[in-house]
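Written out below as structure tokens is the structure these notes cover.
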Amino acid sequence: MRRFIYLLAVLLLSAKPLVLHAQAEDFSTYSQLTADDKKMWRRILLQEDAYFRPRNADYYLSNSANPDLAKEFDLAEQYLRGTLPFTGAADATPWCHFPARFAFVAKMIYGSYFMPEAYRSCNIPLPELDNTLRADIVQTFEQADSGEALFHVDLLVQGKRFYNGSILTLNIGFGRRNDTANRLANNLSALNKAIILVKSFGGDGEVTILADDSPNGIRTNRHGQQVYRINLPAEKIYFLTLLAFESKQATFPYHLMRANCHSYLQHIFTAVLPEPPSSNKKLFFDFMPTFMEANNIAEKPVFETYRYWPAPRQGLDDMAKQLNWHDYQALQGFLSDDIIPAQEHLKTSKPLRLAIGKAAEQRENSLKNSSDILALRDEYLSSELLLSTVTTVSRPSVEDDNAVPIFNSPHASTLKTSALHVNGKTRLQFELDVFNTMADQLQAAAPYGFTLGKLAIQTSEHGLAFDHFVFAQQNSVDNACCGERLYALGFRQINGVSIDLVNDPKKINLHPWKLKPHVELNLSRGLGTISKGGWSVQVLPNLSLLSYDEYIDLNVNASLGWTNGKWAISASKLGKIYGPDDRRSRPDETLRAEYKTSQDTRLELSYKHFDRLGAIAGVGYVFAF
């Protein structure tokens, strides 16, 4: 039977004219397609979004980077009918390069997609179309204080190979095409990260498909992962797979905001999903969780939370909290410099042995070169602690008070509307955050978070005034410190960096339409607690490099915060060491209170005092989207 199906498919794709069923005549040309079918054809050809279209002309049968949709359909139909013959290698036929569009045209003509047997000569690892075929979205994420929280997403297809029934796993993803490495940058990790960030705003993107591979190495890196089961019929998952293999032929633009891995998955899913009731296309950047939320409108969601793997580092952090100060220092020495504690020390501390064994899982080279580390790894693997680190659950567990939360939210932008009282004058201010990992959380008492961009605009009866623009602001929490007493109190190293473009930074009463921008590079490094019974405290020395006045500003900022999950309050005091008398971006005293009105909205009260410039008081409404 299988042999018969294969021969029939080959006949359908041969270069000889075929006699079609009389009922197929109604759907034999593009002009006779329904409006929905034409829209689907446009999406299959990836012509729906001007930000994300293939750049190479040979991705289309007409060899034009701006294809005519009707002509593309007619050319595919001519190949199928045999009126346009193809001469060449069996695995280089048009339907081998573009399996999805030919399957779609075949369905319009014959009433069904081509089965996998039709593509046997193409050497494409396609799955069998049966009830074993399933697919997942795999979201790789980090903690909310990391720029890496702008996470990667993959499509994972699992089933059986159509020709022998063996297990098949396809990891389908999208990323920036690598170019020549910069040796100097590779030797300077901070510079390398900066170059990668700059390059991410331009370049070429490509689709990657790895057979029999798990996405992003679940067990081999430090990231956690959230898996969403895709509740679609097997036929639609099969067509997604065809479209993924077809899009490997394309050269895409790549841009961190609007042509990224999220964009790619959204575009191939629109070819199999109905139109959502409201637009899910965001103005500023593509974000797959928002797309999934917009399509989960039915009783049974299309994207269903299925499984969560905690990051290996998260498990190690939990283990590290059980260590005393001496053992913790030994663990950090192993993590940073591969220093193995003395045997006498290891013998007296089983928690330290298990923590180093856990850390050794991520260090293949160390395991190969040291029998001592291998023994510690084996002891950890045989311990009862292993069970708690590999158990999978449907969604992340609630973190304890002294941990930075995992960023796992469908909302990554905020818009704040505030009424400001500035030296006796009332102003309306709009503040937009693009990719804010704390978008739907209270921020007043949280000393961590990452924001890719922040724009503030003021309004008055005389017009608009640009306040400031922040590019890449990150406040991160590092290892515990600094001595046994502070370690016992939960003190951690806290670092911050931001690049600000501030308009007329020596004034707080801005004049509409006047633009005097100055650049501020702000660096901070200090210590503090995250939360102890709701309370947190930080002491952060700051260094700012300025494009005005003394060019350098040194100060120390001390802050105290409290939160109960519904309310958050914080106060801070700035101590000046050297630099300008006042900067609008660095008030001398602040008071801030937030009240969470819903999962996505909150109210905010703020007060900023400047020694010489005056004060700014405000009340605002913030919503995450």
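Summarised as an ellipsoid, the chain has semi-axes of 51, 34, 21 Å, derived from the eigenvalues of the Cα gyration tensor scaled by 5 and square-rooted, with the largest first. Unpaired Cys in the chain, meaning no second Cys C-beta under 4.7 Å: Cys261.
Protein heavy-atom surface of the stretch 292-336, 1.4 angstrom probe: 49% of the accessible area is carbon and sulfur, with nucleic acids and ligands not counted.
Positive end of the charge dipole of the stretch 399-487 (Lys, Arg +1 and Asp, Glu -1 on Cβ, about the Cα centre): tell me which of Gln443, Asn479, Asn402 has its Cα farthest that way. The listed residue farthest towards the positive side: Gln443.
Computed about its Cα centre, the charge dipole of the stretch 84-146 is approximately 420 debye, with only Lys, Arg, Asp and Glu carrying charge at their Cβ.
Can you pick out the pairs among Lys107/Lys300; Lys516/Lys608; Lys199/Lys416; Lys38/Lys107; Lys71/Lys160 whose Cα atoms lie more than 24 Å from each other? Exceeds cut-off: Lys107/Lys300; Lys199/Lys416; Lys71/Lys160.
Centre-to-centre separation between the Cα atoms of the stretch 135-170 and those of the stretch 413-456: 34 Å.
Given Cα pairs under 8 Å that are at least 6 residues apart, what percent is the relative contact order of the stretch 224-326?
Answer for the stretch 224-326 is 46 percent.
Working from Cα pairs under 8 Å separated by at least six residues, relative contact order for the chain is 9 percent.
Between Ser166 and Asp37, the FRET efficiency estimated from the beta carbon spacing at R0 = 35 angstrom works out to 0.50.
Sequentially through the stretch 245-258, phi angles give Karplus couplings (6.51, -1.76, 1.60; θ = phi - 60°) of 5, 5, 6, 4, 7, 9, 9, 9, x, 10, 8, 4, 9, 10 Hz, Gly and Pro residues having no value and appearing as x. With a Förster radius of 41 Å applied to the beta-carbon distance between Gln599 and Asp478, the computed FRET efficiency rounds to 0.90. Projecting label points 7 angstrom from Cα along Cα→Cβ for Asn56 and Lys532 puts them 5.9 nm apart. Using a probe of 1.4 angstrom and keeping all protein chains present, the accessible surface of the chain works out to 47 square angstrom per residue. At 1.4 Å probe size, with the rest of the protein present, what percent of the exposed accessible area of the stretch 52-117 is carbon and sulfur atoms? Carbon and sulfur atoms account for 50 percent of the accessible area of the stretch 52-117.
Partner aspartates and glutamates whose Cα lies under 17 Å from the Cα of Lys566, excluding those fewer than 8 positions away in the same chain, are identified as Glu399, Asp400, Asp401, Asp440, Glu594, Asp600, Glu604.
With the cut-off at 1.5 for a/c, could you classify the stretch 31-79 from its C-alpha gyration tensor as rounded, prolate or oblate? Oblate is the answer for the stretch 31-79, as a/c is 1.5 or above yet b/c matches or exceeds a/b.
Evaluated with a Cβ-only charge set (Lys, Arg +1; Asp, Glu -1), the chain carries a dipole of roughly 300 debye about its Cα centre, given to the nearest 20.
Taking a ≥ b ≥ c as the square roots of the Cα gyration tensor eigenvalues, with a/c under 1.5 meaning rounded and otherwise prolate when a/b beats b/c, else oblate, which class fits the stretch 26-128? Rounded.
Between Ser200 and Lys576, the modelled label-to-label distance comes to 3.7 nm, taking each label 7 Å out from Cα in the direction of the beta carbon.
Between Leu464 and Thr132, residue separation times 0.36 nm minus the direct Cα-Cα distance comes to 113.6 nm.
The values are calculated or read from the model by the stated rules, or taken from the named source; none is laboratory data. Model, not experiment: these values are computed from the prediction. Note that we place each Cβ from the backbone using ideal geometry, even for glycine, and neighbour counts take in every protein chain shown. Heads up: the accessible areas ignore ligands, DNA and RNA and are worked out on the full protein's heavy atoms, side chains in. Shrake-Rupley method; radii C 1.70, N 1.55, O 1.52, S 1.80 Å.
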